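Worksheet: the structure to be examined is printed underneath.
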Amino acid sequence: MSVYEENIIPIKISHLAEYVSRVKRISLDDALVYIYVNPMYERLYDEKAKWWYLSTEALYEEFELRRSRQQIGVDKTVFEFYTYCLENYAIRKEISGMRAWVIFKESGADEYVIDNYDLLHTQGLDYVLDDIQRYINRRKR
């Protein structure tokens, strides 16, 4: 990625956050969270896709499209189990739920828990949390 492109993306994110804030009537901080948790955010840095060339409005539409796809994908029971694991992980590690969520997202543990629901939900909590921690540790290497 060129220096030009590396400098353009933060400006695009700033404009997008302002747009999201205005359209959704939320604070700028909430707009940034909206952007950062969306799967589309990481795609902004894809050199081949060149998403940063889109207008702010077009980027917003892509973000909304990705978000709607993301919301449809997880069964309610699986999502309840995921949040159960997430909250218990936070309690065990003595961190906030938000911090645990960030750890899960960065390491891919969120997808690991969801994809392996059939096996994990039959195990005890200590086993599940230990397994998630092993997964996170392996991903850090």
Identify, please: which residue in the range 62-79 is loosely packed, with under 13 Cβ neighbours inside 10 Å and under 23 Å from TYR34 (Cβ atoms) and is, among those, modelled with the lowest pLDDT?
ILE72
Output for Cβ contacts, cut-off 9 Å, separation at least six or different chains, first residue charged (D, E, K, R) in the range 40-58, second exposed (fewer than 11 other Cβ atoms within 10 Å of the Cβ), reads GLU47/SER2
Contacts under 8 angstrom Cβ, first residue in the range 15-35 being free of Cβ contacts under 8 Å to residues at least 60 places away in the same chain, partner outside any helix (DSSP H, G or I) and β-branched (Val, Ile, Thr), 6 or more apart:
VAL20/ILE26; TYR34/ILE26
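The values are calculated or read from the model by the stated rules, or taken from the named source; none is laboratory data. Quick caveat, the model's predicted, so the values are computed rather than measured. Note that we place each Cβ from the backbone using ideal geometry, even for glycine, and neighbour counts take in every protein chain shown.
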